[in-house]
Amino acid sequence: MSEAYAAPDPKELRDHQIGGPELTARLAKTWGTEKGLLGALSTVDHKIIGRRYIITAFLFLFLAGLAAVAMRLQLARPESRLIGPDLYNQLFTMHGTTMMFLFAVPVMEAFAVYLVPLMVGTRNIAFPRLNAFSYYVYVFGGLMIWVAFMLNIGADVGWFAYVPLSGPEFSPGKRADIWAQMITFTEVSALAVAVEIVVTVLKQRAPGMTLDRIPLFVWSVFITSFLIIFAMPAVMIASTFLILDRLIGTHIFNPAEGGDALLWQHLFWFFGHPEVYIIFLPATGMVSAIITTFSRRRTFGYLALVLSLIATGFLSFGLWVHHMFTTGLPQLGASFFTASSMLIAIPNGIQIFCWIATLWDGRPIFRTPLLFVLGFFFIFVAGGLSGLILASVPLDTQVHDTYFVVAHFHYVLIGGAVFPLLGAVYYWYPKIVGRLLDERIGKWHFWLAFVGFNVGFFPMHITGLMGMPRRIYTYLPEMGWGNLNLLSSVGTLVFFFSFVVFLWNVVSSAKSGAVAGDNPWDAGTLEWATSSPPPPQNFDRIPVVTNREPLWAEREKLPVATGLSVENRELIVSTVTEARADIRETSPEPSIWPLLAAIATGVTFIASIFTPWAVVWGSAIVGVALIAWFWPKGAKEDEA
Amino acid sequence: MRLRIVSIASLVPLAGCKGWQSALDTHGPGATSLEKLFWIFLFILTVVWILTMLGLLVALRARRDAATDPLAVDATRERTMTRTVATLVGLTAVTVLALTGFSYAYQKRLFDRTENVLTIKVTGHQWWWQVDYEDEQPNRTFTTANEIHIPVGEPVRLKLEASDVIHSFWVPSLMGKMDNIPGRQNVIELQADREGVYRGQCAEFCGWQHAHMAMLIVAKPKAEFENWKNQQIASASPPSDDAQKRGEQVFFTSPCVMCHSVRGTSAGGRVGPDLTHVGSRLTLAAGTLQNTRGNLAAWIVDPQRIKPGTNMPLMQINPQDLDLLVSYLEGLK
Amino acid sequence: MRHDPVLDVSKLPTYGFGHRSPMWWGTLGFCTLEGMGFAIAIGAYLYLSFLNPQWPLSVPPPDLIWASLLTILLIISIIPNYLTQKFGEEENLAKVRVYLVVMSVLGFVAIGIRFLEFGRLHVKWDQNAYGSLLWALLGLHTTHIITDVVDTLVLTALMFTRHGHGKRFSDVGDNAFYWNFVVLSWLPMYALLYWGPRL
C-alpha cells in the first residue's frame, strides 16, 4: 500500500504560525457559512444544522402537544361532542406519529449533531453534506404529514398503523399512504444521521480520546446510533410493504392470499421496542453529563454505565413480542419475552444506582438542570417499574391497550426522555446561545411541569385498571371514568402550560440572559473549552485529551495539536480505539446540492403516492442531484 | 419531596375501583387470580420505588467541600460504593427473578384448558360483536349479537375471530383480553362465579367507532341459562298484535332486510346483527344505548348521530312507520 | 484558556485507504443498515413460508437458469473488483481506468440479466403473498445493483477527467467494497428464493 504523504504546501498558512484573535478570525472565515439565503441553505456547519434541527423538533413537539390538548379537552367529560371520531383518530395518530418520529428521535439526534463534534473535539460532523440532506429530508417529511392533516387528509390509523385497518380495504383514500411514505422518508434521515454519528465518534475523536475517555453522552448517542442502524430498517421495510399492498396490489399482509396481519406487528415492534431505547439512551447520556457536572464529582461506575448502555441496546431487540402478548402467540414463546423484558430492568438498575452513587459522594448543586434530572428519577423509576407489570404475560392481558399503558409509557418517555432533555436544554443552552436561561423562570417551569405531569398522568393508571381502553374518542357516563379523566385533563393542561413558560424563558433569555462565558458550570468535557456560542471552526486548535474530564484535569492550559491548515477545512482523522492522529482530512465545503437532492427525494416520495412510476423517474432526478453533490467543484474540493 | 407523599396517597382510591368494567372488581376465577397477581406486583414495585427514592433523598446531602477537586476520589469510599451498588444490582436481579416466577405461575394457571365446555364463537365486526353458540346438534346452534349469556360457575370457551380488522375481546371483571384477528382464531376461557351483568369493550383500535363497541356478559344460573338458550334457538315469534303486524310489513319493505336476519322469516341479511330476538337484549348499537323504545327509534332514525361512521345507513322513514317498526322489533323477544 | 502545543500533525497524509478512511466506515455503516433491511425482508419471506402449508403458493419456484447465470457473473466479478481496489491503492491510474470500465460493463450485464429474470417469473406481485415477496426481495436487491453501477459510472467518469488523483483512489476502494456487499447479500437470497423451494 502506497502511503500518500502529501508534502505540506509551504505557502499554506498553518495554525502554529499565527495565534490569538487572528487565528480565530481566519479559521472562522475558512469554516464560516456565507451570508444570504443561498449561504444559509448551503451550510454544512453541524452547529447551524443542529440548531435548526433542535428548533424544528421542538416545533413539532408543540404541534403534537396541541393535538394532545385537543384530545384531553374531548375526554374531560363523558359523551363530549367537542371532537368527532374522525378528527379524534387523526389527532391521536398525529400526536403519536409526531412525538415518536418527528420529535423524540430527531431531537435526540439533533442534540447529537450539535454536541458530538464539540464533545469529541473536532471541527465538523462526518459527512456534513449528508447531515444537511438529512435535516431537509426530515423537515419535508414532517411538513408532508402536517400539511396533509391541515387539508383534512391526515393519517387516522394510529402511529402503529396496524393492518388490515391501514390496508387498502379498510383505509381507502390517501391518508395511510401519506403516513407510510412519511415514515419511510423520515427514517432515511434518522439512519443517515446515525451513520454520521458513528463515523464521527469512531474516526474524528481528538487525539488522546481513547475509548475510556469518551464522554458518556457521546457513548450513549453512539450506541443509540447502532440501535437506529439495526432497528429502523425494519420499519422502513414494513412501511414499504404497506405502501406496496396499498398502491400496487401486493398481498404481503392479506390473509386471504397467503399474507398475514401479524407479520406487520412483528416488523413494526421489532423496530418499535428498540425505538423506546433510541429515545431513552441519549437521555441517559444527558443525565450522566448533568449529574457529573452538578455533583462536582467524576462519574461513579463509568465502565458499568457504558456496559449497561451496550447491554440495554442488545436486550432491546429481544423484547418486541411483549407488545403482542394478546395476539394469541404460543405461550412458551411469550414467556421467553417476559423473561427478557424483566431482564432489561437490570442494566437500567445499574445506571440508576451509579447515578445515585455519584450524587451521594458528590456535592449536589441544585440548579435547574439537576432539578429536571431529579424529576427524571421520580417519574422514570415509577414508569420503569410499572413496565414490569406489562412484561408479565398474564397481567398484560388486563392492562394492554388501556390507559394504564398510556400512563406507563408517558411516565417512561416523558420522565425518561423529556425531563432529561429539558435539563439538557438548561445545561447546554448557554453553550449554544451564549447566555444562560433564567433560573427563576426555570424553577417555575420545572415545578409546573412536574406537578402538571403527575396530576395528568398518574390517574390514567387507575382509569386503565377501571377498564378504559386506549384510542376511544368518548365514553359513557355510567362507566365512572369521568372524574379521573377530568383530573387528567387539568393536569395535562398545566403540563402544556409549563412548556409555554419554557418557551418564554428560551425566547427572553436569548436577549437578556446572563452572559455565559466559555464554561458557566465549570464542567469537564471539551464542548466547554471553546467560546459560547462556538466559532464555525469549533476549536482554534484541536485539543489533545489526557483525561475523561479534560477541563477538570487541565485547568492551567489546554494541550493542543498544531499543524492544520488555516486556509482549508482540515480536521484530524484518528484511529478507532487509541485515537492516534492519523490523517489530515479535508471536510466538505458548503453546497446547495443536499437541499436540491432532498427536494428531489421529497417530490419522488409524494408523487409515488399517486403513481408508482414516480419511483422510476424520481430516482433518476435524485440520482442527478446526488452526482452533482459528489462531483468535485473547484480546486479546493478536488484536493479533497 | 412533599409530592411523593401525595402521589402515594393517591394510590388509595385504587382500593375503591368498583365498576362493571373494572379489572379490580373481579367476579371470575381468571380475573380474580390476575387481580391477586397485580396486587403482588404492585406491592413489590411500590416498595422498590420508595426505597429508591429514599436512597436518592439521602444522596442529595452534600458530602464534599466546595473546593475539592472533582476528579479526586477516596479509594476506600469508592470500594464501599462499588460493593453497595453491586449488592443493589444483585437485589434487583432477585426481585426481577421473583416477579418472573410469580408471572409464570399465574400464567400457567390462567391458560389451562378444560374439556367439553360450552363453546361460543365471537366474531368482531366494525363495530359490533357477532355471537355464535355452537352445539353438536346443528339445530341447536344460533346466532345473536353483542350479548353473551353464560351459566354461572361453569367455564365457557370463546373462539375469537374477526371479519374485517383486528378487534380485541375484553371483559375485565371476568378475564384478560385476547385479540380477534382476521385469518386467525384465538381461544380463551372465562367463567363467572356470580350472577350478574359484566361489561366488556373492544380493546384494539378498529376505526371510527372503536369507542362504541361494547358487549355484555350475562351470567345466570344453569336452569335460567338453558331457558334463555332454548328461547334463542327458536325462530322469531310471529307478531302478536296489529301494530306489530303492520310493523313487520314496514320492516320487510324497508332496506333493513338487506343487512339483518330474522330467523323464521325471509329476512336473511348477514351484514348487520341478527335481530331474531333483538327485543330481548339489554342494549342497542353494541352496548351504546339501553334497549328502550325511545332509543330504538332514535337509533333507527339517525344512527350516524349516535355512532358517526357506523355502517348502518340513514333511512328515510315517516314517524308513523317508525312507531310501527319499533313495535315490531320490540316484539322480537 | 492558553494553548500548550504537544502534537504536530502537519506531516500527516491527507487521505488514507480502507479502514483508515472515514468514508470506508460510512460505507460499512450503510452496508450494515441495508444488510439489516435484507435480513428483515428475508425474515418476512421465511415467516410466511412457515405460516402457509404450501410454499411457494400455487406456483412453481422460479427457473434456475437466469438467476444462476447472474450468480456466476457476480461471483466472477469479485476478481476484477478486487483488482480495481488494488490498483486504486497503488494509485495506478491507467489500470484503475481499465478495471472501472470492466466493472461498469459487468454491472450493466448484471442489470440486464435481472430484468430478463423479472420477465420470466411464474408469478406476478399482485397474485399472492409469495409473488409479492419474491418481487419485493428481487426488487430490493436490484436497486442495490443499480446504485453501485451508477456510482461506478460516476467514478469512471471522474477518473477519465482531471479529477483522477489523490483521494479519488480511496473512493475507488470504497466503491469496490460496496460491490462486494451487493454480491455477498445476493448469495443467501439466491439460495433462499431459488433453491429453498426445491429442497
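The values are calculated or read from the model by the stated rules, or taken from the named source; none is laboratory data. Nothing here was measured: the structure is a model prediction, and the numbers come from that model. Glycine also receives a Cβ, built like all others from the backbone with ideal geometry; neighbour counts cover every protein chain displayed. Just so you know, the surface numbers come from the protein's heavy atoms only, side chains and all, with ligands and any DNA or RNA stripped out. Shrake-Rupley method; radii C 1.70, N 1.55, O 1.52, S 1.80 Å.
Tabulated values for the structure
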| item | result |
| --- | --- |
| Heavy-atom accessible surface of region C:21-198: percent carbon and sulfur, 1.4 Å | 73 |
| In sequence order, calculated HN-Hα J values of region C:128-141 (Karplus, 6.51, -1.76, 1.60; Hz; x Gly/Pro) | 7, 5, 4, x, 4, 6, 4, 5, 5, 5, 4, x, 4, 5 |
| Projected label distance in nm at residue B:163 and residue B:249, using a 7 Å step from Cα toward the beta-carbon | 3.1 |
| Using alpha-carbon coordinates, inclination of helix B:29-59 to the longest axis of chain B, degrees | 30 |
| Per-residue mean of C-beta atoms belonging to partner chains within 10 Å, peptide A:153-166 | 3 |
| Links that overshoot a 28 Å alpha carbon limit, given the list B:222/B:245; A:29/A:511; A:35/C:167; B:222/B:307; A:29/C:86; B:177/B:307 | B:222/B:245; A:35/C:167; B:222/B:307; A:29/C:86 |
| P(r) histogram, all alpha-carbon pairs of chain C included - 10 Å bins from 0, percent | 8, 31, 28, 17, 10, 4, 2, 0 |
| Fraction of the pair-distance distribution of the protein assembly as shown above 58 Å, Cα-Cα pairs, percent | 19 |
| For residues of B:170-182, the mean tally of beta carbons on other chains within 10 Å | 6 |
| Sites residue C:162 and residue C:108, calculated FRET efficiency, Cβ-Cβ separation with R0 25 Å, nearest 0.05 | 0.45 |
| Cα centroid separation, region A:603-631 to region A:351-409 (Å) | 44 |
| Relative intensity, log₁₀ I(q)/I(0), of region A:444-599 from a Debye sum that treats every alpha carbon as a point, q = 0.17, 0.20, 0.21 Å⁻¹ | -1.04, -1.22, -1.28 |
| Amide hydrogen neighbours beyond the local backbone of residue A:435, cut-off 5 Å, H modeled | A:516 |
| Exercise: per-residue mean of other protein chain Cβ atoms within 10 Å, A:257-269 | 6 |
| Residue B:241-residue B:58 pseudo-label distance in nm [points 7 Å out on the Cα-to-Cβ vector] | 7.8 |
| Of the DSSP H helices in chain A, those whose Cα atoms cover at least 27 Å axially and whose Kyte score averages -0.5 or more | A:46-75, A:128-150, A:175-203, A:216-247, A:261-295, A:368-391, A:439-465, A:482-512 |
| Computed magnitude of the charge dipole of the protein assembly as shown (debye, nearest 20; Cβ of K, R +1, Cβ of D, E -1) | 2060 |
| Segments B:190-197, A:19-26, A:421-428, A:155-162 sorted - mean Cβ within 10 Å per residue, highest first | A:421-428, A:155-162, B:190-197, A:19-26 |
| Whole-percent carbon and sulfur share, accessible surface of region B:242-330, 1.4 Å | 55 |
| Protein accessible surface hidden between A and B, which excludes ligands and nucleic acids, total in Å², probe 1.4 Å | 7900 |
| Calculated log₁₀ intensity ratio I(q)/I(0) where the Debye formula runs over C-alpha points of chain A, q = 0.07, 0.08, 0.09, 0.12 Å⁻¹ | -0.45, -0.59, -0.75, -1.33 |
| Cα-Cα separations in region A:485-560 greater than 21 Å, expressed as whole percent | 51 |
| Chain A - mean residue ellipticity at 222 nm from DSSP helices (-39,500 (n - 2.57) per run, n ≥ 4, rounded to 500) | -21000 deg cm²/dmol |
| Ranked by how many other beta carbons lie within 10 Å on average, peptides A:436-449, A:397-410 from highest | A:397-410, A:436-449 |
| Most fluctuating residue given options C:62, C:53, C:22, as computed from a GNM of chain C linking Cα atoms under 10 Å | C:53 |
| Distance (nanometres) between label positions extended 7 Å along Cα→Cβ at residue B:118 and residue C:79 | 7.8 |
| R0 of 56 Å, Cβ-Cβ distance residue B:65-residue B:266: FRET efficiency to nearest 0.05 | 0.05 |
| Hydrodynamic radius of region B:49-90 per Kirkwood, over alpha carbon pairs, in Å | 12.1 |
| Percentage relative contact order, chain A, counting C-alpha pairs under 8 Å, at least six apart | 21 |
| Residues of the protein assembly as shown: accessible area per residue with a 1.4 Å probe, Å² | 36 |
| Between region A:29-76 and region A:462-512, the Cα center-to-center distance that results, in Å | 25 |
| Computed E for residue A:331/residue A:620 - FRET, C-beta separation, R0 45 angstrom, nearest 0.05 | 0.30 |
| About the Cα centre, charge dipole magnitude for region B:242-330 (Lys/Arg +1, Asp/Glu -1 at Cβ), debye | 220 |
| Cα centroid of region B:167-184 to Cα centroid of region C:162-187, whole Å | 54 |
| Size of the A/C contact, given as accessible area buried on both chains, probe 1.4 Å, in Å² | 5700 |
| Per-peptide average of other Cβ atoms within 10 Å, ordering A:590-599, A:355-364, A:608-617 highest first | A:355-364, A:590-599, A:608-617 |
| Kirkwood hydrodynamic radius of chain B, from inverse mean 1/r over distinct Cα pairs, in Å | 23.6 |
| Loop-located chymotrypsin sites (Phe, Trp or Tyr not before Pro) in region C:114-199, at most 14 other Cβ atoms within 10 Å (DSSP) | C:160 |
